[in-house]
C-alpha cells in the first residue's frame with residue numbers, strides 16, 4: 001500500500017483490488033503538558049482505566065467538560081426506582097385491574 005496526499009485528501013492505493021479510499025485531512029493540534037507529578041499521573045491513568053478510555057481520550061473529555069464544549073445532560077438519569085417498574089406479580093396486576101374497573105364505568109346521570 002502506498003499513500004499519497006492530494007489536495008487535502010489522503011488517498012490510499014491498494015494493489016490487490018485497486019480500490020481507493022479518500023479521507024479528509026483534519027488539522028489536529030498537539031499540546032505538550034509539562035510538570036505532571038507521579039500522583040497526578042497515577043490519578044489520570046486510574047480515571048481513564050475506570051472509564052475504559054485511553055489516557056488521551058480521558059484528558060480530551062476532561063478538557064471539553066471544563067471548557068464547556070461537552071454539554072452534560074439537563075436531567076440526570078436515576079435508576080433507584082427501576083425495580084418497581086413492571087414489578088407486579090400476576091395476582092397483583094389482576095387485583096389492580098379488578099379494583100380500578102369501577103373507574104371505567106360512565107355514570108349516565110352525571111353526563112345528562
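No lab work stands behind these numbers, since they all come straight from the coordinates. All values reported here derive from a predicted model rather than from experimental measurement. FYI the Cβ positions are ideal-geometry reconstructions off the backbone, even for glycines, and counts take in every protein chain you see.
Quick one: length gained pulling residue 70 to residue 44 fully straight, 0.36 nm per residue minus the C-alpha distance?
Fully extending the segment from residue 70 to residue 44 adds 7.5 nm.
How much length would be gained if the chain were fully extended between residue 94 and residue 33, taking 0.36 nm per residue of separation minus their Cα-Cα distance, in nm to one decimal?
15.5 nm
Going by average Cβ neighbours within 10 Å, how do the peptides 50-60, 101-111 rank, with the highest at the top?
Values: 50-60: 12.5, 101-111: 6.8.
Going by the mean number of other Cβ atoms within 10 Å, highest first, we get 50-60, 101-111.
Estimate the FRET efficiency between residue 108 and residue 85 by the formula 1/(1 + (r/R0)^6), using the beta-carbon distance for r and 30 Å for R0, to the nearest 0.05.
0.25
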